[in-house]
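Everything below concerns the one structure shown next.
The values are calculated or read from the model by the stated rules, or taken from the named source; none is laboratory data. This one's a predicted model, so the numbers in the text were calculated from it and none came from an experiment. All Cβ positions, even for glycine, are placed from backbone atoms using ideal geometry, and neighbour counts span all protein chains on display.
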Amino acid sequence: MLTIKDLHARVEEKTIIKGLNLEIKPGEVHAIMGPNGAGKSTLGYVLSGREGYEVEQGEVTFNGANLLEMEVEERAQAGLFLAFQYPVEIPGVSNMEFMKESVNAMRKARGEDELSSAEFLKKAKAACKQVNLPLDFLKRGVNEGFSGGEKKRNEIMQLIMLEPKLAILDESDSGLDVDALQVVANGVNSQRDGKRSFIVVTHYQRLLDFIEPDYVHILAQGKIVKSGGPELAKEVEASGYAWLGQAQEGEE
Ligand code: ADP
Ligand code: MG
Ligand code: MG
């Protein structure tokens, strides 16, 4: 589904991603962990095509297409969903309008009929219920004045509504209470269907108590330095990232 080969990317003048390789097959959940500043969020931004993030080298293929040549909207319509640590506020546009437009754009891209207002509302109500957001959130401006936990719930509601092929969730964990973590985990788990894939970026192991990943990768200094199963996350929990510093010193 997603193949990243020898990716190098920079922000401003600084190269952050330095030779990253990753392969994700349909239905898999990959956790990416790593110390602060390793480049986890940068990877998400590069995959989303965010302005200011420049690919210097390497290839990214998404469902057979060259992701790096696609516009931001094309990436979304091809089924890539990115949830960010700091979701944007769009004052003046109601959550309802925003979601309806987005859902129907996705459906159109998949060759499906648009939802009628009644159909949309029914789906939206069910999704709000699942993430435990009151319905009047649909009437508010997108993320306008939402608390951290509410933004997170809203983001997971978007995930549920948009039905992407690959969702990338960037979770700083910090500031998320256990309830919000469980909403994220429940959202991911409920959307796992053997075909949809996930990349869950997380600083701590805590989130992975609720989401059992198929693979865990450690990203340090711009590349994946270690991959394993869920047990790798538990090793990190127990011993931190100190071993990375030692390994890197040894390399030099
Ligand atoms: P992580 O998410 O793993 O904590 P980030 O991807 O946010 O790490 O950041 C990786 C590195 O890139 C950090 O050293 C950070 O300071 C740097 N960085 C991020 N954004 C910018 C930017 N706009 N300009 C310069 N450096 C940046
Ligand atoms: Mg960070
Ligand atoms: Mg980050």
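Could you please let me know if residue 181 is on the phi < 0 side of the Ramachandran plot and crowded, with 17+ Cβ neighbours inside 10 Å?
Working: on the phi < 0 side of the Ramachandran plot: yes; crowded, with 17+ Cβ neighbours inside 10 Å: yes.
Yes.
If you check every pair at least six apart or on different chains, which have Cβ atoms under 8 Å apart with a residue in segment 62-88 that is at pLDDT 90 or above first and a residue that is β-branched (Val, Ile, Thr) and within 16 Å of ligand 2 (Cβ to nearest atom) second?
Correct list of pairs: 80/168; 81/168.
Scan segment 179-204 for residues that are at pLDDT 90 or above and either in contact with a His (Cβ under 6 Å, 6 or more places away or on another chain) or in a strand (DSSP E or B) (or both) and jot them down.
197, 198, 199, 200, 201
Only one residue in 176, 244, 207 is assigned to a loop (DSSP other than H, G, I, E, B), within 16 Å of ligand 1 (Cβ to nearest atom) and at negative phi, so which one is that?
Values: 244 fails: assigned to a loop (DSSP other than H, G, I, E, B); 207 fails: assigned to a loop (DSSP other than H, G, I, E, B).
On inspection, the qualifying residue turns out to be 176.
Kindly indicate the residue of segment 1-33 that is out of contact with any Ser or Thr (no Cβ under 9 Å at 6 or more places or on another chain) and surrounded by 22 or more Cβ atoms within 10 Å (Cβ to Cβ) and also farthest from residue 203 (Cα to Cα) among those meeting that condition.
7
Do any strands (runs of 3 or more DSSP E) lying entirely in segment 1-42 carry at least 3 residues that are more than 22 Å from residue 230 (Cβ to Cβ), and which ones are they? If you could, list the steps in order and put the result at the bottom.
On the way: elements: 2-11, 14-24, 29-33.
By residue number, 2-11, 14-24.
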